[in-house]
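The values are calculated or read from the model by the stated rules, or taken from the named source; none is laboratory data. Every value quoted in this text rests on a predicted model; they were computed, and no experiment measured them. Don't worry about glycine lacking a Cβ; one is built from the backbone with ideal geometry, like all the others, and counts go over all protein chains shown.
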Amino acid sequence: MMKQPEASIAIQVLPDVEGEEVIRVVDKVIDYIKSTGLNTYVGPFETTIEGDYDTLMNIVKECQLICIRAGAPSVASYVKIFYNPDAGVWSIDKKVTKHHQ
């Protein structure tokens, strides 16, 4: 049986770029997050990811670097973290699937 994730994060990156260039940079971040293979949910304002705490913190760091490498001179991010190493976290599916049927 797969281990229940011990943490979940929601991240919103706000690269300092003009107009629709924001979409291009944010899409690079979302592509990276999806490439991690972790369970993710992309929403209109933020992306939620679940996994182990250290992996998620590394992902948060890389999201900032992706924005800079994509041409943003700076990036602001809003990050929400829920960490429960003993009991784990409720899955994204458990929390939102009923709302998207």
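Anything in region 71-101 that is over 13 Å from Ile9 (Cβ atoms) and β-branched (Val, Ile, Thr)? List them, or say none.
Keep residues of region 71-101 that are over 13 Å from Ile9 (Cβ atoms), which gives 71-76, 85-88, 90-91, 93-101.
Val75, Val96, Thr97 - these are the residues of region 71-101 that are over 13 Å from Ile9 (Cβ atoms) and β-branched (Val, Ile, Thr).
Can you confirm whether region 58-68 contains a residue that is loosely packed, with under 15 Cβ neighbours inside 10 Å, polar (S, T, N, Q) and at pLDDT 95 or above?
yes
For Asp52, which of the numbered conditions (1) farther than 15 Å from Ala10 by Cα; (2) in contact with a Lys or Arg (Cβ under 9 Å, 6 or more places away or on another chain) fails to hold?
Going through the list (1) farther than 15 Å from Ala10 by Cα; (2) in contact with a Lys or Arg (Cβ under 9 Å, 6 or more places away or on another chain), Asp52 breaks only (1).
Cβ contacts < 8 Å: first residue without any contact (Cβ under 8 Å) to a residue 60 or more places away in the chain and part of a helix (DSSP H, G or I), restricted to region 79-101; second residue surrounded by 12 or more Cβ atoms within 10 Å (Cβ to Cβ) and among the hydroxyl-bearing types (Ser, Thr, Tyr), any location; separation 6+ or different chain. Result?
Val96/Tyr41
Within region 84-95, does at least one residue satisfy the condition of being surrounded by fewer than 16 Cβ atoms within 10 Å (Cβ to Cβ), over 28 Å from Gln4 (Cβ atoms) and of a type outside the set (Val, Ile, Thr)? Break it down stepwise before answering.
First, pick out the residues of region 84-95 that are surrounded by fewer than 16 Cβ atoms within 10 Å (Cβ to Cβ): 84-88, 90-91, 93-95.
Next cut, over 28 Å from Gln4 (Cβ atoms) only: none.
Within region 84-95, none of the residues are surrounded by fewer than 16 Cβ atoms within 10 Å (Cβ to Cβ), over 28 Å from Gln4 (Cβ atoms) and of a type outside the set (Val, Ile, Thr).
Taking region 68-95, which residues are under 28 Å from Val25 (Cα atoms), of a type outside the set (D, E, K, R) and over 16 Å from the mean Cα position of the chain (by Cα)?
Ile68, Ala70, Gly71, Ala72, Pro73, Ser74
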